[in-house]
2 protein chains.
Amino acid sequence: MHFSLLATDKASKARAGEIHTDHGVIETPIFMPVGTAGTVKGVHQHELNEDIRAEIILGNTYHLFLRPGLEVIEAAGGLHKFNGWNKPMLTDSGGYQVYSLAGSRKITEEGVKFQSHIDGSYHFFTPERAIDIQRTIGADIIMAFDECTPYPCDYKYAKRSMHMTHRWLKRCMDQMKATQPKYGYDQVLFPIVQGSVYKDLRTLSAEAISSFDAFGNAIGGLSVGEPDEDLYEMTDLVCEILPKEKPRYLMGVGTPVNLLECIALGVDMFDCVMPSRNARHGMLFTRNGIINIKNKKWYKDFSPLDESGTSYVDHAYTKAYLRHLIISKENLGIQIATIHNLAFYLTLMKEARQHILAGDFNEWKNAMVPKLQNRL
Amino acid sequence: MHFSLLATDKASKARAGEIHTDHGVIETPIFMPVGTAGTVKGVHQHELNEDIRAEIILGNTYHLFLRPGLEVIEAAGGLHKFNGWNKPMLTDSGGYQVYSLAGSRKITEEGVKFQSHIDGSYHFFTPERAIDIQRTIGADIIMAFDECTPYPCDYKYAKRSMHMTHRWLKRCMDQMKATQPKYGYDQVLFPIVQGSVYKDLRTLSAEAISSFDAFGNAIGGLSVGEPDEDLYEMTDLVCEILPKEKPRYLMGVGTPVNLLECIALGVDMFDCVMPSRNARHGMLFTRNGIINIKNKKWYKDFSPLDESGTSYVDHAYTKAYLRHLIISKENLGIQIATIHNLAFYLTLMKEARQHILAGDFNEWKNAMVPKLQNRL
C-alpha cells in the first residue's frame, strides 16, 4: 500500500492524492460511507458501487464483533468476502461505540471492559485485541484503539486521556508488527490524534502521533458537539503538524460545508453518519442547498428529486413521491434518500478533487459554501 | 383491453392467457406484488421491473386515499405517473382495509363510514365513491366495492352480506358506465364473488356475478383463515361457474402450493402479502422448499442465497450474510429477502405457464407441490 500526493492547492492547503490498496485505488479527498454492521443501511452493494460510486466504506468493529462475530467473519474469509464488497474497507477500533453504546463500561490502563447493548454479555477490548479483531475482520485500514473524549471535556481529563491514547498507540503498533494479515492482502494502521479542543494538547498529540511514522494519520475527538470554529481551528493546527506525505483522516465529520472547509485545511479522508442518518428523516443535501422533503411545499412538486444529481434516483423519482414515502415511513423512501445523499457527498468530493487538480479549489469552495447552506 | 385464452391443460383446469391493457400485456397465470401505499415495500421500481419481473402490481385504495390523497395523485396524472411504475396496476376497492385496519367502521346499505387509522379522521366510502376514487388513482383494473366476510362467518350473516355485495356491484357497474377514465387509458371493473364457505351461497354469487358480463371476475372472502380444503373446494366450485373466456382473480392467495393448486382449478391471477411480509421475518420460498434464514444452521453457510434463483440477489449474497442482516434487523436484509421471494413467485408463475402451454402442467404441478413444502 502507498499514498501519492498529486497536487496541493495554492490558495489553500487542499490536497489531491491517491491511496493504493490491494483492493484498488482511493482517490482523495474522499468520503467513506458508514457500513456499521457490514451493510450501509438500506443500500445494496451494487448501488454503493454503481450509483453512489463509493471507493471505500467503513465498518464498525464494535458492531461486527458482536454480530455476526469473528467466527463467522473469519470462516467467510474476511468482511470483503462476507458482504461482497470488493473495494477497500476501513474499520474503526471499536472504542467510540464502546463509549457511546455499550450498557456499562470501565476504562483502565489495560483496556475497556464493556457490556453488549444487544445481550448484556461482558467483553474486554485492549489495544492488542482491537488490532487482532481488525486483522480478523480484514480491514485494509485499521484504526488505533483510543479514547475519544466527549465535549466539553475538562483539561485535566483530556490530558490524562490523551497520554493513555499515546501509550495505547504504542501497544497497537507493536501488535501490528507482531502479527500478520490473515487473508493475503496488506493492512495498515492509522494512529489517532486526541487532545479535545486544547491547542497545547492537540499540538503535543499531533507531534507524538507523527513520530510513529504510520501509513496515515487520523484526527479524532472532534465533531462531538464543539462549535465549528473549534473544529476548524483544531483541524488546521493538527494538519500543520502531521506529515505532508501521508494521508490525513478527520473522523466523524460532517456537513458538506465542514468537508469543503476541512479539505481546505489539508484533510484527505472523511466519514460521517450524517448523509445516511439524515436521509432517514427526509433531509436531502444538494449543491443548491438543503431540502427537508417533509415540508408541505413539496407535496405536489413532481419535478425530479434533484435535477443536478448524479445518481439515478435523482431522476427516477420526484420530490412529491419521496415526500409521500418518507411521511408514510416507507423503507423505499429511506433507500432513495440515502442513495441521493451519499451520491451527493461522493460527487462533491470528486468535484473538489478536480478543482484541486485544476488549481482553482479555493475559489470554487468559497462559491459553493453559501449555496450548500441554503434552506430550499 | 381484452383477454385471450391461449391454452387449457388437459389433465387439470389450468389456463394460459394474455390480458392486454393500455400499459402492456400481462401473461397469465400471474402473481401481482402488493404495492400498498404506491410502493412495494423496500423495492425500487427498476428492481420490480428487472429483477422481480413483475407484470402488474396492486395498490391499496384505502392507503392511497388517506396518503398521499387524491389531490396529489390526480395532480401527478395518476398513480403510474406518481410512482413511476409504467406497467399495469390493479387497485382493490378499499373495503378490505376499511374492515381490517380502520379505527371504527359502520356498514349500512348506503356504504361504510370509517375512521382513518392514521389520524382518526372520518370518511365515507360508497360503491360509487370507490369507483370514483379508483378512476382517480388510475388503476387499469378496478375492483368492485364489496364486503369481505371474516372466517368463521355464520350462514345468515354471509347470505345477507353477499346480497348486499351484489346490490353494491350493480351500483359500481352503473358508476363505471356513468364515468370516464381520467388519464386517457382504459379502465375495467372486476366484480367479486362472496358467500364465505357455503356452497349454495358461492354458487348463487358466482352466477349473479357472471351475469354482469364484466371484463374479468374475482373470488373474494377466501384466504381469511379457512382450511386449505375449503379454499380449494370453493375456488373449484366458483371457477366451474365463472365464464371461461374471462380472467379469474383469486384475491389474497397464498403460498406457492396454494397458487399451483388454484391454477389447476382455473385461476389466472393472484395477489398476496405473504412473499413480502414473510420476507421481513426471514422466510424464503424456494423451488426446493422453505428456508427460515434465522436458523442457526445457516450461520456459516456461504453458499449463494438460492442457487436455483432467477434474481441477482440469489447469486450476489450468501445465506450467512442474509442471516446476519435479518438477525441484526438491517433493512438490506428485508430488501434482499423481498426481492428473492417476489422473484420466486413470478418465476413459479412463468414456469407454470410454460407447462400449461407445453401440455404437461398437472404432472409438473404434482411433482412440485411436495418439494415446495419441504422445510430446508
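Observations on the model:
- Matching residues, the range A:75-102, being more than 24 Å from the chain's Cα centre (by Cα) and open to solvent by 40 Å² or more (accessible area, probe 1.4 Å): A:A75
- Residue in the range A:258-265 that is within 26 Å of A:Q335 (Cβ to Cβ) and open to solvent by less than 40 Å² (accessible area, probe 1.4 Å) present: yes
- Verdict on A:N60 being closer than 22 Å to A:G138 by Cβ and either open to solvent by 30 Å² or more (accessible area, probe 1.4 Å) or in contact (Cβ under 8 Å) with a residue 60 or more places away in the chain (or both): no
- Residue in the range B:290-306 that is aromatic (F, W, Y) and open to solvent by 40 Å² or more (accessible area, probe 1.4 Å) present: yes
- Flag for B:I137 being surrounded by 24 or more Cβ atoms within 10 Å (Cβ to Cβ), touching a residue at least 24 places away in the same chain (Cβ under 8 Å) and hydrophobic (A, V, I, L, M, F, W, C): yes
- Which listed residue is among the basic types (K, R) and within 14 Å of another protein chain (Cβ to nearest Cβ), from A:K87, A:K106, A:K81: A:K81
- The one condition in (1) open to solvent by 30 Å² or more (accessible area, probe 1.4 Å); (2) in a loop (DSSP other than H, G, I, E, B); (3) on the phi < 0 side of the Ramachandran plot that B:E229 fails to fulfil: (2)
- Subset of the range B:8-54 (residues that are away from chain A (no Cβ under 11 Å), crowded, with 24+ Cβ neighbours inside 10 Å and part of a loop (DSSP other than H, G, I, E, B)): B:D9, B:A14, B:P29, B:P33, B:I52, B:A54
Results for (1) farther than 22 Å from B:R167 by Cα; (2) among the charged types (D, E, K, R), shown as yes or no for each residue.
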{"site": "B:F82", "(1), (2)": "yes, no"}
{"site": "B:Y96", "(1), (2)": "no, no"}
{"site": "B:E109", "(1), (2)": "no, yes"}
{"site": "B:A130", "(1), (2)": "no, no"}
{"site": "B:T136", "(1), (2)": "yes, no"}
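- Elements of the type helices (runs of 4 or more DSSP H) sitting completely within the range A:259-376 and holding at least 3 residues that are within 12 Å of chain B (Cβ to nearest Cβ) and touching a Phe, Trp or Tyr at 6+ places or on another chain (Cβ under 6 Å): these cover A:319-327.
- Summed over the range A:314-347, residues that are surrounded by 19 or more Cβ atoms within 10 Å (Cβ to Cβ) and more than 18 Å from A:R277 (Cα to Cα) total 7.
- Residue ID - nearest to A:S4 (Cα to Cα), chosen from residues in the range A:191-215 that are surrounded by fewer than 24 Cβ atoms within 10 Å (Cβ to Cβ) and touching a strand residue (DSSP E or B) at 6+ places or on another chain (Cβ under 8 Å): A:F215
- Test: A:L222 is touching a Leu at 6+ places or on another chain (Cβ under 7 Å), buried (at least 24 other Cβ atoms within 10 Å of the Cβ) and within 27 Å of A:N366 (Cβ to Cβ): yes
- The range B:105-124: number of residues that are aromatic (F, W, Y) and either touching a Cys at 6+ places or on another chain (Cβ under 8 Å) or surrounded by 14 or more Cβ atoms within 10 Å (Cβ to Cβ) (or both): 1
The values are calculated or read from the model by the stated rules, or taken from the named source; none is laboratory data. Because the structure is a prediction, the values reported are computed rather than measured. Heads up, the Cβs are rebuilt from the backbone with ideal geometry, glycines too, and the neighbour counts pull from every protein chain shown. The accessibility values were calculated without ligands, DNA or RNA, using every heavy atom of the protein model including side chains. Shrake-Rupley method; radii C 1.70, N 1.55, O 1.52, S 1.80 Å.
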